[in-house]
Amino acid sequence: MPEIIGFIGAGQMGEPMVRRLLGAGHDVVLYARRDEVRERLSEAGARLADSVADVAARSDLLIVCLFSDAQLADLGGGPDGFMSNAKAGSVVVSHTTGNVSTLEKLVAEFPDGPAIIDGPVSGAATDIEARQTHRSPRR
C-alpha cells in the first residue's frame, strides 16, 4: 500500500511544500482552514480532509507546518487533535516555528501516539518553489 502523506498548515511555507510533494507524485491528504487554499491545492491534486482528526487518521506520515507553539499544542492535543487520532505506527514531522519542549509535552501526554520528529526549516517560500536547500555549514 502506498504511503499517504498528510499535511496541516498549508500557509506561506506549507503551500509550496504541498505543491512539491504533489509534483513528485506523492498521495497528499490536506487539512486547511482557508477555503481558497483548500480549493487551490485540491485542484493541484491534494485530497481534502474534513478535520485535523481526519487527516491524522488517514496519514502514514503527517507533516505539520504551523506558525507557533500555541497552534501546535492546540491542533496536536485533545481528543480531536492529531496525536490522539494518528494511525498506529505513523510519524509526525513538525516544521512548526516553535520549541522542542512543545513536542516533548505532546509525546508525554500521548505516550502511545505517533513518533514525532522536529524538522526545522530555513529559507523562504521562494526557496521551496525554486528547489533550493539550505544546509548548516560543517564544523
Worksheet item: How big is the accessible area of Met13 in square angstrom, nearest 10, if you roll a 1.4 angstrom probe over the protein chains?
Response: 50
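When only Cα pairs under 8 Å and 6 or more residues apart are kept, what is the percent relative contact order across segment 1-108? The partial results should precede the final answer.
On the way: 193 pairs, mean separation 29.1, N = 108.
This gives 27 percent for segment 1-108.
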Item to complete: Kindly state, as a whole number, the per residue volume in cubic angstrom of the convex hull around the alpha carbon atoms of segment 1-117.
Response: 89
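Would you mind putting 87-93, 6-12, 20-26 in packing order, based on average other-beta-carbon counts within 10 Å, highest first?
Numbers: 87-93: 15.6, 6-12: 23.1, 20-26: 13.4.
Result, highest mean first: 6-12, 87-93, 20-26.
The values are calculated or read from the model by the stated rules, or taken from the named source; none is laboratory data. What you see is a predicted model, and the numbers here were worked out from it, not measured in a lab. Heads up, the Cβs are rebuilt from the backbone with ideal geometry, glycines too, and the neighbour counts pull from every protein chain shown. Each accessible area value is taken on the protein alone, full model and side chains, heavy atoms only, with ligands, DNA and RNA left out. Shrake-Rupley method; radii C 1.70, N 1.55, O 1.52, S 1.80 Å.
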